[in-house]
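Since the structure comes first, as C-alpha coordinates, the remarks are kept for the end.
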Amino acid sequence: METISWNDFEKVELRAGTILEVTDFPEARKPAYKLKVDFGPLGIKQSSAQITKHYTKEELPGRQILGVINFPKKQIANFMSEFLVTGLADENGDIVLTAIDKPVPNGSKLI
(Lines give C-alpha, C1' and ligand atoms only; values in the text may rest on other atoms or scores of the structure.)
Protein backbone atom coordinates (compact mmCIF):
# COMPACT_ATOMS: atom_id res chain seq x y z
CA MET A 1 0.00 0.00 0.00
CA GLU A 2 1.28 3.42 -0.96
CA THR A 3 1.39 6.15 1.70
CA ILE A 4 -0.20 9.47 0.71
CA SER A 5 0.19 12.91 2.19
CA TRP A 6 -2.54 14.90 3.93
CA ASN A 7 -2.44 17.22 0.91
CA ASP A 8 -3.22 14.22 -1.36
CA PHE A 9 -6.23 13.29 0.80
CA GLU A 10 -7.54 16.86 0.77
CA LYS A 11 -7.73 16.71 -3.04
CA VAL A 12 -10.42 14.01 -2.88
CA GLU A 13 -13.87 15.59 -2.78
CA LEU A 14 -15.78 12.98 -0.75
CA ARG A 15 -19.19 14.59 -0.29
CA ALA A 16 -22.54 13.67 1.25
CA GLY A 17 -25.55 13.54 -1.02
CA THR A 18 -29.14 12.34 -0.86
CA ILE A 19 -30.43 9.86 -3.41
CA LEU A 20 -33.36 11.41 -5.27
CA GLU A 21 -34.09 8.83 -7.94
CA VAL A 22 -33.14 5.23 -8.78
CA THR A 23 -33.73 3.52 -12.11
CA ASP A 24 -32.71 0.24 -13.69
CA PHE A 25 -29.61 0.16 -15.88
CA PRO A 26 -30.17 -2.80 -18.21
CA GLU A 27 -27.36 -1.71 -20.58
CA ALA A 28 -24.68 -2.18 -17.88
CA ARG A 29 -22.49 -5.29 -18.13
CA LYS A 30 -23.00 -6.10 -14.45
CA PRO A 31 -26.33 -5.53 -12.66
CA ALA A 32 -26.53 -1.87 -11.63
CA TYR A 33 -28.84 1.05 -10.94
CA LYS A 34 -28.67 4.62 -12.21
CA LEU A 35 -28.73 7.08 -9.31
CA LYS A 36 -29.59 10.77 -9.26
CA VAL A 37 -28.11 12.38 -6.12
CA ASP A 38 -28.50 15.85 -4.61
CA PHE A 39 -25.15 17.25 -3.42
CA GLY A 40 -26.69 20.52 -2.21
CA PRO A 41 -24.83 23.61 -3.44
CA LEU A 42 -22.68 21.36 -5.67
CA GLY A 43 -25.72 20.31 -7.70
CA ILE A 44 -27.57 17.17 -8.69
CA LYS A 45 -25.31 14.53 -10.20
CA GLN A 46 -25.84 11.08 -11.68
CA SER A 47 -23.90 7.86 -11.39
CA SER A 48 -24.34 4.14 -11.71
CA ALA A 49 -23.84 1.73 -8.84
CA GLN A 50 -23.53 -2.06 -8.72
CA ILE A 51 -25.60 -2.32 -5.55
CA THR A 52 -28.50 -4.49 -6.72
CA LYS A 53 -27.65 -7.45 -4.44
CA HIS A 54 -28.21 -5.56 -1.18
CA TYR A 55 -30.66 -2.80 -2.13
CA THR A 56 -33.98 -2.43 -3.93
CA LYS A 57 -34.81 0.64 -5.98
CA GLU A 58 -37.62 1.45 -3.59
CA GLU A 59 -35.50 1.63 -0.41
CA LEU A 60 -32.76 3.93 -1.76
CA PRO A 61 -34.46 7.32 -2.35
CA GLY A 62 -33.93 9.59 0.65
CA ARG A 63 -30.80 7.73 1.78
CA GLN A 64 -27.60 9.74 2.19
CA ILE A 65 -24.44 8.38 0.59
CA LEU A 66 -20.82 9.44 0.13
CA GLY A 67 -19.60 10.17 -3.36
CA VAL A 68 -16.31 11.29 -4.92
CA ILE A 69 -17.41 14.23 -7.03
CA ASN A 70 -14.13 15.47 -8.51
CA PHE A 71 -13.27 12.55 -10.79
CA PRO A 72 -13.70 13.24 -14.50
CA LYS A 73 -16.99 12.09 -16.01
CA LYS A 74 -16.93 8.48 -17.19
CA GLN A 75 -19.06 6.83 -19.86
CA ILE A 76 -20.57 3.51 -18.77
CA ALA A 77 -22.47 1.88 -21.65
CA ASN A 78 -24.80 4.64 -22.92
CA PHE A 79 -24.70 6.59 -19.63
CA MET A 80 -22.39 9.36 -18.38
CA SER A 81 -21.39 8.92 -14.72
CA GLU A 82 -20.61 12.20 -12.94
CA PHE A 83 -19.35 10.89 -9.58
CA LEU A 84 -18.18 7.71 -7.85
CA VAL A 85 -20.56 6.06 -5.38
CA THR A 86 -18.54 4.70 -2.45
CA GLY A 87 -19.02 1.33 -0.81
CA LEU A 88 -17.30 -1.78 0.47
CA ALA A 89 -17.36 -5.33 -0.85
CA ASP A 90 -18.90 -7.97 1.38
CA GLU A 91 -17.58 -11.56 1.63
CA ASN A 92 -19.14 -12.34 -1.78
CA GLY A 93 -17.81 -9.22 -3.50
CA ASP A 94 -21.23 -7.53 -3.49
CA ILE A 95 -21.19 -3.81 -2.71
CA VAL A 96 -22.51 -2.36 0.56
CA LEU A 97 -22.92 1.42 0.47
CA THR A 98 -20.79 3.61 2.71
CA ALA A 99 -23.21 4.69 5.44
CA ILE A 100 -23.94 8.06 7.01
CA ASP A 101 -25.67 7.28 10.30
CA LYS A 102 -27.07 10.76 11.08
CA PRO A 103 -28.31 13.40 8.61
CA VAL A 104 -25.79 15.99 7.42
CA PRO A 105 -26.24 18.82 4.91
CA ASN A 106 -25.98 17.69 1.31
CA GLY A 107 -22.56 18.65 -0.05
CA SER A 108 -20.80 18.20 3.32
CA LYS A 109 -17.19 17.16 2.82
CA LEU A 110 -15.69 14.14 4.58
CA ILE A 111 -13.04 15.45 6.98
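Loop-only check: which trypsin sites (Lys or Arg not before Pro) in segment 6-60 are DSSP coil with at most 12 other Cβ within 10 angstrom?
Filter output for segment 6-60: K11, R29, K53.
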- [ ] Please compute the net charge surrounding V37, taking Lys and Arg as +1 and Asp and Glu as -1 over other residues with Cβ under 13 Å from its Cβ.
- [x] +2
Open item on the list: Suppose only helical runs count, i.e. DSSP H with n ≥ 4. What mean residue ellipticity at 222 nm does that imply for the chain under -39500 (n - 2.57) per run, divided by all residues and rounded to the nearest 500 deg cm²/dmol?
Closed with: -1000 deg cm²/dmol
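Please report the net charge: other residues with Cβ closer than 10 Å to the Cβ of K109, K and R +1, D and E -1.
Numbers: positive: R15; negative: E10, E13.
Every neighbour counted, the sum reads -1.
Could you calculate the FRET efficiency of D90 with K11 from 1/(1 + (r/R0)^6), where r is the beta carbon distance between them and R0 is 25 Å, rounded to 0.05? Intermediate results must be reported in sequence, preceding the final value.
Details: r = 29 Å, r/R0 = 1.15.
Given R0 = 25 Å and the Cβ-Cβ separation, E is 0.30.
Of all accessible surface on the chain at a 1.4 Å probe, what whole percent is carbon and sulfur?
54
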Open item on the list: Starting from 0.36 nm per residue, how many nanometres of slack lie between T98 and D24 once their C-alpha separation is accounted for?
Closed with: 24.6 nm
TODO: Give me the distance in nm between label points sitting 7 Å out from Cα along the Cα-to-Cβ direction at K57 and I111, one decimal.
DONE: 3.8
TODO: Kindly report the accessible area of the chain per residue (heavy atoms of protein chains, probe 1.4 Å, no ligands, DNA or RNA), in Å².
DONE: 65
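The values are calculated or read from the model by the stated rules, or taken from the named source; none is laboratory data. Because the structure is predicted, anything quoted here is derived from the model rather than measured. Here Cβ is always computed from backbone atoms with ideal geometry, including for glycine, and neighbour counts include all displayed protein chains. Remember, those area values only see protein heavy atoms, side chains included, never the ligands or the DNA or RNA. Shrake-Rupley method; radii C 1.70, N 1.55, O 1.52, S 1.80 Å.
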